Amino acid sequence: MMSRASAKPAKFLRKVCQVEAVRGDDAQWWDRLPVYTLTFADPGGERMPCRIACGDVVKVVVPNYKPKSYSMSRQGDGEFDITYKYYPGGKCSGYLESLSIGDEIQCFAKGGKRRNDGGTHIGMVAFGVGITEVLPVATAQLTHSDVKRVKLIWATKTWGDCFWLDELERLKADERFEVVHVLSREDRDGCRRGRVTPELLKEELDEAWGVGTTVDRANVRLISIGTKAMMRDFNDMAYADLDYKYAANRLLED
Ligand SMILES: Cc1cc2nc3c(=O)[nH]c(=O)nc-3n(C[C@H](O)[C@H](O)[C@H](O)COP(=O)(O)OP(=O)(O)OC[C@H]3O[C@@H](n4cnc5c(N)ncnc54)[C@H](O)[C@@H]3O)c2cc1C
C-alpha cells in the first residue's frame with residue numbers, strides 16, 4: 001500500500017451535494033452540516049489501490065498539515081469518490097471545501113483489513129457519515145453467496161442527515177438486505193427513535209435473526225463505523241453486553 005512519501009496528484013472533476021446545510025440561530029453553529037461527494041481522476045491514470053470492500057481509505061494530504069483519512073465511497077472507471085461532511089473551521093474538510101474543479105489534491109491509499117470469512121448474518125452499524133465506509137462494504141457482502149442476511153443500522157440525528165437513499169432502495173431489491181434507520185432527534189414513521197443501545201442491537205440482530213437458536217453465533221459478523229468514541233461504545237455493546245467474541249465475530253480483521 002502507498003505511503004505519504006508516494007502521494008500522487010489527483011485532479012478534482014466534480015462535486016455533488018448529498019445533504020444541504022442548515023444554519024443554527026447562533027451564527028457559529030450549524031444545525032445540520034452539509035455532506036458532499038467529490039470525484040477525482042485516478043492519479044496518473046493509475047487505479048488507486050483501495051479495496052472499498054474492506055474499508056480502505058484515501059489519505060488526503062492537507063497542505064501544511066497532515067494526511068487525513070476519507071473512505072473511498074465509490075471506485076469508478078478512471079475515477080474515485082470521497083464523500084465528506086464539512087465542518088466549518090475543519091482543517092481537512094475545510095480544505096476539501098475550498099477546492100475548485102480542476103484543482104489537484106495529493107493523496108495515497110491506506111488499508112489492509114481482511115474479510116473474516118464464514119459469516120452468514122452480517123450486522124452493520126453506521127454512525128452518521130460513517131455510512132460512506134459501511135455502504136460499499138455492505139454492497140460487497142451481498143456478492144458472497146453464503147451471506148444470508150445483511151442488516152444495516154444507520155444512526156443519524158434526523159432524516160435530513162440521510163443520503164444515498166436511492167442506493168439503499170436499489171440494494172433493498174436484494175431480499176437479504178435490510179436497513180433500519182435510528183434517529184436521535186426526530187420521530188418518523190418507519191424509523192426507530194433514539195440511540196443505538198444494547199437492547200436495540202439485541203432486538204434487531206439476535207432476536208430478529210434467532211441467534212443462538214436458528215442461527216449459530218459463530219456465523220454472525222459485526223462492524224461499526226463512526227467516531228472512535230462511537231465505535232468503542234459499539235464494541236462494548238457487542239462484545240460485552242451481547243457477548244459476541246471480537247476475534248470470531250468482527251467482519252473485518254486487521
Ligand atoms: C478511517 C477513517 C475514515 C474516515 N472517513 C471519512 C469519510 O468518508 N467522510 C468524512 O466526512 N469523514 C471521514 N473521516 C473523518 C475525517 O478523517 C476527519 O476527521 C473529518 O473530516 C474532520 O476533520 P477536519 O480536519 O475537517 O475537522 P477538525 O479540524 O477536526 O475540526 C472540526 C471542527 O468542526 C466544528 N464543528 C463540529 N460540529 C459543528 C457544528 N454543528 N457547527 C459548527 N461547527 C462544528 C468543531 O468544533 C471543530 O472546530 C474518517 C476518519 C477515519 C479515521
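The values are calculated or read from the model by the stated rules, or taken from the named source; none is laboratory data. Small disclaimer: the values here were computed from a predicted structure and weren't measured. Don't worry about glycine lacking a Cβ; one is built from the backbone with ideal geometry, like all the others, and counts go over all protein chains shown.
Worth pointing out:
- Positions within the stretch 128-147 being of a type in the set (Gly, Ala, Ser) and either in a loop (DSSP other than H, G, I, E, B) or touching a Gly at 6+ places or on another chain (Cβ under 8 Å) (or both), in sequence order: 128, 130, 145
- Some residue of the stretch 20-29 being away from the ligand (no atom under 13 Å from the Cβ) and not assigned by TED's automatic domain parsing to the domain that holds residue 184: yes
- Every pair of residues 6+ apart whose Cβ atoms lie under 8 Å, when the first sits in the stretch 16-38 and is under 19 Å from residue 100 (Cβ atoms) and touching a residue at least 60 places away in the same chain (Cβ under 8 Å) while the second is near the ligand (Cβ under 10 Å from one of its atoms) and acidic (Asp, Glu): 36/97; 38/81
- The lone exception for residue 68 - which of (1) in contact with a helix residue (DSSP H, G or I) (Cβ under 9 Å, 6 or more places away or on another chain); (2) near the ligand (Cβ under 6 Å from one of its atoms); (3) at positive phi it fails: (3)
- If you filter the stretch 177-203 down to residues that are among the acidic types (Asp, Glu) and touching a strand residue (DSSP E or B) at 6+ places or on another chain (Cβ under 6 Å), you find that the one that is farthest from residue 237 (Cα to Cα) is 187.
- Among the residues making up the stretch 22-54, those that are touching a Lys or Arg at 6+ places or on another chain (Cβ under 6 Å) and either among the hydrophobic types (A, V, I, L, M, F, W, C) or closer than 30 Å to residue 157 by Cα (or both) are 22, 30, 33, 35, 36, 38, 39, 41, 54.
- Meets criteria (in a helix (DSSP H, G or I) and over 12 Å from residue 123 (Cα atoms)) for residue 238: no
- Filtered residue count, the stretch 212-254, keeping only those that are hydrophobic (A, V, I, L, M, F, W, C), in contact with a strand residue (DSSP E or B) (Cβ under 7 Å, 6 or more places away or on another chain) and more than 17 Å from residue 146 (Cα to Cα): 6
- Only listed residue being under 28 Å from residue 74 (Cβ atoms) and of a type in the set (Asp, Glu), chosen from 253, 207: 253
- Test: residue in the stretch 165-180 that is more than 26 Å from residue 40 (Cα to Cα), of a type outside the set (Lys, Arg), part of a strand (DSSP E or B) and over 17 Å from the mean Cα position of the chain (by Cα): no
- Of the residues screened, residue 43 is one that is away from the ligand (no atom under 13 Å from the Cβ), assigned by TED's automatic domain parsing to the domain that holds residue 16 and either surrounded by 14 or more Cβ atoms within 10 Å (Cβ to Cβ) or acidic (Asp, Glu) (or both).
- Checking 53, 126 one by one, the residue that is within 16 Å of the ligand (Cβ to nearest atom), in contact (Cβ under 8 Å) with a residue 24 or more places away in the chain and in the same structural domain as residue 167 (by TED's automatic domain parsing) is 126 and no other.
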